[in-house]
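**Student:** Below is a structure I'd like to ask you about.
The values are calculated or read from the model by the stated rules, or taken from the named source; none is laboratory data. Computed from a predicted structure; not experimentally measured. As a convention, Cβ positions derive from the backbone with ideal geometry for all residues, glycine included, and neighbour counts pool all protein chains shown. When the accessible area is computed, the model is the full protein with side chains, heavy atoms only, and any ligands, DNA or RNA have been set aside. Shrake-Rupley method; radii C 1.70, N 1.55, O 1.52, S 1.80 Å.
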Amino acid sequence: MPPFAGSSPPSFGFHRHESESNIVTIDVGGQLFQTTKQTLALAGTETLFSRIVESPASARSSVPFIDRDPDLFSVLLSLLRTGNLPSKARDFDLQDLIFESKFYGIEKLLVSSMSNPSQFEAFNLEKSLILPLNGRDSPSVIASTPFGSVHVAHGSKITSFDWSLRKKKTILTQFTAVDSMLAFSPSMVAAGATDFSGLQILDLENGIVKETLNWENVTKSSSTVQAIGSSPELLFVSFESGRRNSNSILVYDLHSLSMMTEVGHNEIFGADIDSALPATKLNWLSGYNLLMASGSHSGPSGVLGNIKFWDIRSGCVAWELKEESDCFSDITVSDNLSSVFKVGVNSGEVFLADLRKFDEEKPWVCLGDDSKVARGKKEGYGCKIESHGGQVFCSKGGDIELWSEVAMGSVKNSEDGLGDRVFRKNLMGKAKDLGGSRITNMAFGGNKMFVTRKDQQNVEVWQSSARGF
C-alpha cells in the first residue's frame, strides 16, 4: 500500500490549490507576494489584511495593490508567518518598521516579537543604550510596563519612552519631586510625593491630571504618598498625614479607582515608634494573595523596621516581622521563588526568608558573608534589591549582583521535606560596565532592565547582546 493511502498526506508547510484558492496574491509597490488567508488572518480583525481576506470573491479577481515599500512588507510578512522578525530586519531602521507596522495595523505583533518579557535573559544582560534626560535633575524614580516602555521622574518632570525607546515625551507636573510612581500603561501613571498631598493619576499623552486620590485622615491635614503598589485588579496606596501622626494603606479598584477598603490604619500616640512607621514599599504576592507592606526608621538605637503581610479580604495581618538587627536597607518579594529578600543596612549582604517554611522568630538566612552582620558599618546603605522572574538583582555601589537559585539534584532530609536552598551570585555586565556612580533605581520591562545612577541625567538600558536592533 502506498504511503498516505486512504488519508491526506501531511502538508509540511505546503498548501494544495483548491477550487476556491486559499492562496492570496498581493501587489506591494509593484512586487507580487503570495501567502495564505490563514497567515493574513493572524494580523487580527481590525487590520488592512483582514479587509483583503474578507473581501468577496468577485473583488479578488484582480490583485489588490498597496502603494508601500515591498522590502519592508517582506519583513512584516515574515513576522506574520513565524511570529519572529527575520535576520534581514536588521538592515532596516527600526522606526521605518514601526511606521509600516502601524499602517498595516500589526504593531502589537512587532512589539511582541521585539520586546516580549519571555525574551528576558538575565545572564546575558549588558549595557546597550543610554537614554538622555532633559534638564539638570537626576531620576528619582522609574516605572516600566510589561512590554518595555518606561517612565522616568526627574525633578518636577516625567519623561516617557515608548517600547522602542526611540520616541520620548516630557511633561511638567505639580510636584517639586516625584517620590513614588506606578505605570498603568505606556501613557498613564500614578504619581505621588512625600511633600505633596494626594496621589495623582496622570495622562502623560495629554499632560493632564485625570484624577487625584486623597486620604481623609482624622486630623484633616494633607495626605502625602509614601508608596504605591498594585495587583492585577487592585491599586494600593500608602498615605501619611501631613502632621505625620497617622498613616494608612488604602485599597482601590485598579480600573474604576473607587476605594474598596482600608488596612493598616495607625494613629500615633506618644513614642509608639512601631505605629509611626508608614509603609514605604508595597509588593503584591499573588501566589499567597497577600500584600507585603514594609517601612523603616533610623533613630538613636539604629535602624528599625517593620514588615507586614496583609490579607486584603479580611483586613488582618497574616505574618509580621519586626526588624532590629541588621534591618533591611531595601526589600523585595518573589512569587517565583516563594521568598522575601532583603539587603541588610549594616552588613550589605543579601538575606532570604522562605515563605514555604516561614519562621517569624528566625526568618532570615544570609546568602553572603554573615560575619558582616555584627560589624554595624552600614555597608548596605543605599543598596537596592529587586526580583524579576526567577532571579534577584541587588545593587552594591555602582555594581549589580545577580542572585540565582542552584537546582540541586537531591533534597536533603528535613522535617518539612523542602531541604536547604542554595543561591549563587554573579556580577552583571562586562568589565567595561562595572563600577560607576551609585545605582539609585532598577526596573524591568519587556526583555530589558533599566538602571539609574546618582547625579546622572540619563537611564541605562541593559539588554541581551543577542537581542536589540
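**Student:** Go through Asn426, Asn441, Asn458 for me and flag whichever is within 14 Å of the chain's Cα centre (by Cα) and either at pLDDT 90 or above or closer than 19 Å to Ser160 by Cα (or both). So that I can check it myself, show each step before the final result.
**Tutor:** Working: Asn426 fails: within 14 Å of the chain's Cα centre (by Cα); Asn458 fails: within 14 Å of the chain's Cα centre (by Cα).
The match here is Asn441.
**Student:** Tell me, please, whether a residue that is assigned to a strand (DSSP E or B), at pLDDT below 95 and under 28 Å from Leu79 (Cβ atoms) can be found in segment 156-168.
**Tutor:** Here is the first cut: in segment 156-168, the ones assigned to a strand (DSSP E or B) are 157-161, 168.
Remaining after also requiring at pLDDT below 95: 168.
Narrowing the set further to residues that are under 28 Å from Leu79 (Cβ atoms) leaves 168.
Among the residues of segment 156-168, at least one is assigned to a strand (DSSP E or B), at pLDDT below 95 and under 28 Å from Leu79 (Cβ atoms), which makes the answer yes.
**Student:** Are any of the residues in segment 276-283 part of a loop (DSSP other than H, G, I, E, B), hydrophobic (A, V, I, L, M, F, W, C), in contact (Cβ under 8 Å) with a residue 12 or more places away in the chain and within 26 Å of Val343 (Cβ to Cβ)? Walk me through it before giving the result.
**Tutor:** Taking segment 276-283 first, the residues part of a loop (DSSP other than H, G, I, E, B) are 277-280.
Cutting the leftovers down to hydrophobic (A, V, I, L, M, F, W, C) gives us 277, 279.
Of the ones still in play, those that are also in contact (Cβ under 8 Å) with a residue 12 or more places away in the chain are 277, 279.
Next, only the ones that are within 26 Å of Val343 (Cβ to Cβ) stay: 277, 279.
Yes: one or more hits.
**Student:** Which count do you get for residues in segment 106-141 that are of a type outside the set (Asp, Glu), open to solvent by 40 Å² or more (accessible area, probe 1.4 Å) and either in contact with a Gly (Cβ under 6 Å, 6 or more places away or on another chain) or under 29 Å from Val178 (Cβ atoms) (or both)? First the steps, then the outcome.
**Tutor:** The first filter runs over segment 106-141 and keeps only residues of a type outside the set (Asp, Glu), leaving 106, 108-120, 122-125, 127-136, 138-141.
Adding the requirement that they be open to solvent by 40 Å² or more (accessible area, probe 1.4 Å) leaves 108-109, 112, 117-118, 123-124, 127-130, 132, 134-136, 140.
Okay, now just the ones that are also either in contact with a Gly (Cβ under 6 Å, 6 or more places away or on another chain) or under 29 Å from Val178 (Cβ atoms) (or both), so 117, 127-130, 132, 134-136, 140.
Number satisfying all stated conditions: 10.
**Student:** I've got another one for you. All but one of (1) surrounded by 20 or more Cβ atoms within 10 Å (Cβ to Cβ); (2) assigned to a strand (DSSP E or B) hold for Asn217; which doesn't?
**Tutor:** For Asn217, the failing item is (2).
**Student:** Now, a different point. Within segment 302-324, is there a residue that is within 21 Å of the chain's Cα centre (by Cα), assigned to a strand (DSSP E or B) and closer than 20 Å to Asp179 by Cβ? Even if it seems obvious, please write down each step before you answer.
**Tutor:** Start the filter on segment 302-324 by keeping residues that are within 21 Å of the chain's Cα centre (by Cα), which leaves none.
Checking segment 302-324: not a single residue is within 21 Å of the chain's Cα centre (by Cα), assigned to a strand (DSSP E or B) and closer than 20 Å to Asp179 by Cβ.
**Student:** Can we say Lys362 is closer than 26 Å to Ile142 by Cβ and basic (Lys, Arg)?
**Tutor:** no
**Student:** Another one. Restricting to segment 394-423, give me the number of residues that are open to solvent by less than 20 Å² (accessible area, probe 1.4 Å), modelled with pLDDT of 75 or more and assigned to a loop (DSSP other than H, G, I, E, B).
**Tutor:** Total satisfying the criteria: 1.
**Student:** Another question, if that's okay. Just give me the residues in segment 176-220 being among the charged types (D, E, K, R) and in contact (Cβ under 8 Å) with a residue 40 or more places away in the chain, in sequence order. Quick ask: steps written out before the conclusion?
**Tutor:** Restricting attention to segment 176-220, the residues satisfying the condition of being among the charged types (D, E, K, R) are 179, 195, 203, 205, 210-211, 216, 220.
Once the filter is applied, which keeps residues that are among the charged types (D, E, K, R) and in contact (Cβ under 8 Å) with a residue 40 or more places away in the chain, segment 176-220 yields Asp179, Glu211.
**Student:** What is the one condition in (1) closer than 25 Å to Asp253 by Cβ; (2) open to solvent by less than 60 Å² (accessible area, probe 1.4 Å); (3) within 20 Å of the chain's Cα centre (by Cα) that Pro146 does not satisfy?
**Tutor:** So Pro146 meets the others, but not (2).
**Student:** Something else about it: Could you say whether any residue in segment 221-229 is part of a loop (DSSP other than H, G, I, E, B), modelled with pLDDT under 95 and of a type in the set (Ser, Thr, Tyr)? Outline the logic, then answer.
**Tutor:** Of all residues in segment 221-229, those part of a loop (DSSP other than H, G, I, E, B) come to 221-222.
Right, trim to modelled with pLDDT under 95 and you get 221-222.
With the extra rule that they be of a type in the set (Ser, Thr, Tyr), the set shrinks to 221-222.
Checked segment 221-229: at least one residue is part of a loop (DSSP other than H, G, I, E, B), modelled with pLDDT under 95 and of a type in the set (Ser, Thr, Tyr).
**Student:** Any residue at all in segment 198-211 that's in contact with a Ser or Thr (Cβ under 6 Å, 6 or more places away or on another chain), part of a strand (DSSP E or B) and open to solvent by less than 10 Å² (accessible area, probe 1.4 Å)?
**Tutor:** The initial filter retains those residues of segment 198-211 that are in contact with a Ser or Thr (Cβ under 6 Å, 6 or more places away or on another chain), namely 198, 200, 204-205.
Checking the rest, the ones that are also part of a strand (DSSP E or B) come to 198, 200.
Cutting the leftovers down to open to solvent by less than 10 Å² (accessible area, probe 1.4 Å) gives us 198, 200.
Among the residues of segment 198-211, at least one is in contact with a Ser or Thr (Cβ under 6 Å, 6 or more places away or on another chain), part of a strand (DSSP E or B) and open to solvent by less than 10 Å² (accessible area, probe 1.4 Å), which makes the answer yes.
**Student:** List the number of the failed condition for Phe99; all other conditions in (1) under 30 Å from Ser50 (Cα atoms); (2) free of Cβ contacts under 8 Å to residues at least 24 places away in the same chain; (3) in contact with an Asp or Glu (Cβ under 7 Å, 6 or more places away or on another chain) hold.
**Tutor:** Unmet for Phe99, out of (1) under 30 Å from Ser50 (Cα atoms); (2) free of Cβ contacts under 8 Å to residues at least 24 places away in the same chain; (3) in contact with an Asp or Glu (Cβ under 7 Å, 6 or more places away or on another chain): (3).
**Student:** Do you know which residues across segment 253-267 are in a loop (DSSP other than H, G, I, E, B) and in contact (Cβ under 8 Å) with a residue 24 or more places away in the chain? Walk me through how you get there before you give the answer.
**Tutor:** From segment 253-267, those in a loop (DSSP other than H, G, I, E, B) are 254-258; that's our starting set.
Listed by number, the residues that qualify are Leu254, Leu257.
**Student:** Then there's this: Which pairs do you get when a residue that is in contact (Cβ under 8 Å) with a residue 60 or more places away in the chain, found in segment 339-356, comes within reach of a residue that is in a loop (DSSP other than H, G, I, E, B) and not aromatic (Phe, Trp, Tyr), reach meaning Cβ atoms under 7 angstrom, with the pair 6+ apart or on two chains?
**Tutor:** Partner pairs satisfying both residue conditions: Val350/Leu367; Val350/Gly368; Leu352/Leu367; Asp354/Ser338; Asp354/Arg421; Leu355/Ser338; Arg356/Ser338; Arg356/Leu418.
**Student:** One residue is enough: does segment 62-81 have a residue meeting the conditions assigned to a strand (DSSP E or B), surrounded by 13 or more Cβ atoms within 10 Å (Cβ to Cβ) and in contact (Cβ under 8 Å) with a residue 12 or more places away in the chain? Please lay out each step first, then the result.
**Tutor:** Taking segment 62-81 first, the residues assigned to a strand (DSSP E or B) are 65-66.
Those still in the list that are surrounded by 13 or more Cβ atoms within 10 Å (Cβ to Cβ) too: 66.
With the extra rule that they be in contact (Cβ under 8 Å) with a residue 12 or more places away in the chain, the set shrinks to 66.
Within segment 62-81, one or more residues are assigned to a strand (DSSP E or B), surrounded by 13 or more Cβ atoms within 10 Å (Cβ to Cβ) and in contact (Cβ under 8 Å) with a residue 12 or more places away in the chain.
**Student:** Quick check on my filter: what residues within segment 26-45 are among the polar types (S, T, N, Q) and modelled with pLDDT of 90 or more? Full working, then the answer.
**Tutor:** First, pick out the residues of segment 26-45 that are among the polar types (S, T, N, Q): 31, 34-36, 38-39, 45.
Once the filter is applied, which keeps residues that are among the polar types (S, T, N, Q) and modelled with pLDDT of 90 or more, segment 26-45 yields Gln31, Gln34, Thr35, Thr36, Gln38, Thr39.
**Student:** Follow-up question, since we're still on this one. Only one of these is closer than 22 Å to Gly192 by Cα, open to solvent by less than 30 Å² (accessible area, probe 1.4 Å) and among the hydrophobic types (A, V, I, L, M, F, W, C): Ala276, Ala293. Name it.
**Tutor:** Values: Ala276 fails: open to solvent by less than 30 Å² (accessible area, probe 1.4 Å).
When all the criteria are applied, what remains is Ala293.
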